[in-house]
């Protein structure tokens, strides 16, 4: 297991109230992408709202209803839209790991989010069993995008994150070695200079380490009956 990299901690912003999150998704048109009426998001948020401090949750839409390719362009940083790297045209085929149990509902809550800064310079191969041992589960790519949509400041230079709960299974049943991540483009290579500082959905190899990528995770996912 690698040593934890020394990372200067910064305060992670508190998630907005669920009602505010619902309005944000409606403003961005996520409900239309998912084929849901705006009233359904508002009703879900109203019932699921938890006023107690420390019990903040992220409102998420299932990835099969709001895929990463549709959500990524809604991200913004320095006035620039988010994008998916050109060599990830199959981004929407990255599905939840078998160990990730998604609620059987179009809307659900993701609780106790952590960006995983303490795992900077770990590989996905090393991070996944460590998260499991801590009774945490890695975020899906779409959940990570939802997080940045609600809290753009969560994506910082040198403090970005992987979302290894989403993996691509190949035709032979083996997992593709790519693991998705969200970070900030430097505007180099195929990204193009015009995309410098834009939010970027890309991938890293399963066995590789990156000093500037943590591993976003949660303690669980749940729904609130209307």
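Every number in this text was worked out from the coordinates using simple rules, so none of it is lab data. If you're wondering where the values come from, they're calculated on a predicted model, not measured in any experiment. As a convention, Cβ positions derive from the backbone with ideal geometry for all residues, glycine included, and neighbour counts pool all protein chains shown.
Between residue 196 and residue 135, what length comes free when the chain is fully extended (0.36 nm per residue of separation minus the Cα-Cα distance, one decimal in nm)? Show your work: numbers first, answer last.
On the way: separation 61, 0.36 × 61 = 21.96 nm, distance 3.66 nm.
Separation in residues times 0.36 nm, less the Cα-Cα distance, equals 18.3 nm.
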Subject >> Net lengthening on full extension, residue 86/residue 98 (0.36 nm per residue, minus Cα-Cα) >> reply: 1.6 nm
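In percent, what relative contact order does the chain have, based on Cα pairs under 8 Å that are 6 or more apart in sequence? Could the numbers behind the result be given before it?
On the way: 448 pairs, mean separation 61.9, N = 226.
Relative CO of the chain lands at 27 percent.
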**OP:** Could you state the angle between the C-alpha long axis of helix 18-28 and the longest principal axis of the C-alpha atoms of the chain, as a value from 0 to 90 degrees rounded to the nearest 10?
**Re:** 70 degrees
Original post:
Direction-averaged shadow area of the convex hull around the Cα atoms of the chain, nm²?
Top reply: 12.4 nm²
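With r defined as the distance between the Cβ atoms of residue 19 and residue 69 and R0 fixed at 25 Å, what FRET efficiency is calculated, to the nearest 0.05? Before the final figure, lay out each step's value.
Numbers: r = 28 Å, r/R0 = 1.10.
Computed FRET efficiency for residue 19 and residue 69 comes out at 0.35.
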**OP:** Any chance you could give the angle, 0 to 90 degrees and rounded to 10, that helix 141-150 forms with the longest Cα principal axis of the chain?
**Re:** 60 degrees
**OP:** Kindly express, to the nearest 10 degrees and within the range 0 to 90, the angle between helix 124-133's C-alpha long axis and the longest C-alpha principal axis of the chain.
**Re:** 50 degrees
Original post:
By how many nm would the segment from residue 186 to residue 153 lengthen if fully extended, with 0.36 nm per residue of separation less the alpha-carbon distance?
Top reply: 10.2 nm
